[in-house]
Amino acid sequence: MRWQKVESSLATFISDHGLPDQFQLLAKRWYWPLARHLVDNQSSIHLLGINGAQGTGKSTLASLLKLFLEVGAGLNVVALSLDDFYRTRKERHTLANRVHPMLEVRGVPGTHDIQFAVATVTRLLHDKPETVVSLPVFDKSIDDRVTDLIWPAVTTPVDLVIFEGWCVGSKPEDDIALRLPVNALEAELDAKQVWRNYVNEQLASDYQTLFALMNGLVMLKAPSMGAVQEWRWLQEKKLIDLKGAGRSGVMSQKQVKQFIQYYERLTRHNLSEMPSRADLVYHLGSDHGINNATGKWSERTF
């Protein structure tokens, strides 16, 4: 797989995604070696997980790897986002009434249809050739899944599935860690610990079934929780530019700050314990650049 083969496609990718020109250098230095590693090990890596807090660039990395592998090596690659497996607004409303009101807000374990995700991944990797598999789409601007009539579809066989998400590969916390709230939201709305215990229980069950299918885990490690808040607001501003302010599902800066608190507990947990076990960790700087890489794959890749 030669760099010259993907260089022009990368230029188009950078333009289409509104990325800075220097992204080409970052992609060549840090992400291209990962793509080569995946090609060299395609017989043993069929499902790659990408973890990272909000705004770290998970979907960009997944899309870029897909481009590198399809253009550079001729592989059939599917990039999936955990976000597209969110339960519908109606389902989350029912869940909120049954368990805890905070579960109406999308994001945490328990608000995804994980059995659907497992079934989709299994079909992509194991169904007979020429099978058409539809992929769900969740529209954050309406906070709901779109009709399956417009879902994209792919045809098997699939060489690699890339599955990205903020809690992909996450491990549940121990009971002691759950006792104290990590922010004002938990202290005020989850004083009896019902919400966070439910979330932890969900993460410990079906989510681990999905993660056990992965043959590799890459982490985009944010430098701090403060950086995560800033980057998530930048994401929302892009959504406002695209969809318009005031649209259902589009948030103000104050709403984003509160929204992040739903993710804070598990994000902090990931930042603390995941780097020691992920196959590859990209350590991000406050400027979104990559300072260095660690993990067992880094020894073979860089």
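The values are calculated or read from the model by the stated rules, or taken from the named source; none is laboratory data. Quick caveat: nothing in here was measured; it's all calculated off a predicted structure. Backbone-built Cβ (ideal geometry, glycine too); neighbour counts: all protein chains shown.
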Subject >> Matching entry among ARG232, ARG268 (being under 18 Å from GLY57 (Cα atoms), surrounded by 14 or more Cβ atoms within 10 Å (Cβ to Cβ), under 16 Å from the mean Cα position of the chain (by Cα) and modelled with pLDDT under 95) >> reply: ARG232
Original post:
Of these, GLY169, GLY165, which one is touching a His at 6+ places or on another chain (Cβ under 9 Å), within 17 Å of SER59 (Cβ to Cβ) and touching a residue at least 40 places away in the same chain (Cβ under 8 Å)?
Top reply: GLY165
Original post:
Would you say GLN202 is in contact with a helix residue (DSSP H, G or I) (Cβ under 6 Å, 6 or more places away or on another chain), surrounded by 15 or more Cβ atoms within 10 Å (Cβ to Cβ) and among the polar types (S, T, N, Q)?
Top reply: no
Original post:
Which one is nearest to the chain's Cα centre (by Cα) among residues in region 145-189 that are within 27 Å of LEU220 (Cβ to Cβ) and acidic (Asp, Glu)?
Top reply: GLU164
Original post:
Can you tell me which residue in region 37-58 is farthest from VAL158 (Cα to Cα), limited to those that are touching a residue at least 40 places away in the same chain (Cβ under 8 Å) and surrounded by fewer than 17 Cβ atoms within 10 Å (Cβ to Cβ)?
Top reply: SER44
**OP:** Pairs only if they're at least six apart or on different chains, beta carbon under 6 angstrom, first in region 71-100 and more than 30 Å from VAL39 (Cβ to Cβ), second in a helix (DSSP H, G or I) and of a type in the set (A, V, I, L, M, F, W, C); list them, first residue then second.
**Re:** LEU95/LEU103; ALA96/LEU103; HIS100/VAL194; HIS100/TRP195
Original post:
Mind checking which pairs have a first residue in region 274-290 that is touching a residue at least 12 places away in the same chain (Cβ under 8 Å) and a second that is part of a strand (DSSP E or B) and surrounded by fewer than 14 Cβ atoms within 10 Å (Cβ to Cβ), Cβ under 6 Å, 6 or more apart or different chains?
Top reply: HIS283/ASN291; HIS283/ASN292; GLY285/ASN291
Original post:
What pairs can you find where one residue is in region 251-268 and within 16 Å of TRP195 (Cα to Cα), the other is among the basic types (Lys, Arg), and their Cβ atoms are less than 7 Å apart, with a gap of 6+ or different chains?
Top reply: ILE260/ARG232; ARG265/ARG196
Original post:
Within region 108-124, can one find any residue that is assigned to a loop (DSSP other than H, G, I, E, B), touching a residue at least 40 places away in the same chain (Cβ under 8 Å) and not small (Gly, Ala, Ser)?
Top reply: yes
**OP:** From GLU173, GLU186, GLU164, grab the single residue that is under 19 Å from LEU95 (Cα atoms) and surrounded by 11 or more Cβ atoms within 10 Å (Cβ to Cβ).
**Re:** GLU186
Subject >> Subset of region 249-273 (residues that are under 19 Å from LEU239 (Cβ atoms), assigned to a helix (DSSP H, G or I) and among the hydroxyl-bearing types (Ser, Thr, Tyr)) >> reply: TYR262, TYR263
